[in-house]
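Written out below as structure tokens is the structure these notes cover.
Where a number appears in this text, it was derived from the coordinates with a stated rule and is not lab data. Fair warning: this is a prediction, and the values are worked out from it, not measured in the lab. With ideal geometry, Cβ positions are generated from the backbone for all residues, glycine too; neighbour counts draw on all protein chains shown.
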Amino acid sequence: MFRFRTAVAVTALTITTLAPAPPAGALPDWIDHTSSWTNEKAKAPRVVDLRYGAHKKFDRVVLEIDGKIPSGTARYRKRFRYDGSGEKVPIKGRSGIALVLSPAYAHDDEGGNVYEGPRIARPRFETLKALAFTGDFEGHVSFGLALRHRAPYRVFRLHDPQRLVIDVQHR
């Protein structure tokens, strides 16, 4: 069963992982540590949207990217702060994942906002409790995912349109 903030058409997708390429159609393994990936071909990608949904065995966050998917890191964190100001982000969980994309932008060349996703959302799914857009600062776009418990996760790419997917596993 899918529950999405916005409607999403489900079609055949080409999946490319951020780790070494698995067999065609396979998803990357679940991990429980910091992960990072690079993409030197990403020059000035724009993060334009974020969707989230609950699945039978995991919760999913999908970032839509205009341009090539940027380099990034995902690491466990309990509390989040807004980039630039350092102010506390008003989402809490027993655990969480901080996601930072770089180089990446959520604004256009004139400084106008291009990100259309939620600033803060509280879906209260089985694992994903809340999420927040935490910054578009000095070439970094960041998000915080508040979790009900520390959960294994996986990060991978989907194409046409370009998307970065973060799944967090249920218990």
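Some observations on this one:
- Single match in Ala132, Ala146 (criterion: under 14 Å from Val168 (Cα atoms) and either surrounded by 19 or more Cβ atoms within 10 Å (Cβ to Cβ) or among the β-branched types (Val, Ile, Thr) (or both)): Ala146
- When residues of the range 57-83 are limited to those that are over 19 Å from Ser102 (Cα atoms) and not acidic (Asp, Glu), the one surrounded by the fewest Cβ atoms within 10 Å (Cβ to Cβ): Lys57
- Residue in the range 114-131 that is out of contact with any Leu (no Cβ under 7 Å at 6 or more places or on another chain), part of a strand (DSSP E or B), farther than 23 Å from Trp30 by Cβ and in contact (Cβ under 8 Å) with a residue 40 or more places away in the chain present: no
- Filtering the range 32-45 to residues that are outside any strand (DSSP E or B) and free of Cβ contacts under 8 Å to residues at least 60 places away in the same chain leaves His33, Thr34, Thr38, Asn39, Glu40, Lys41.
- Check on Gly144, within 19 Å of Val165 (Cα to Cα), among the small types (Gly, Ala, Ser), out of contact with any Leu (no Cβ under 7 Å at 6 or more places or on another chain) and assigned to a strand (DSSP E or B): no
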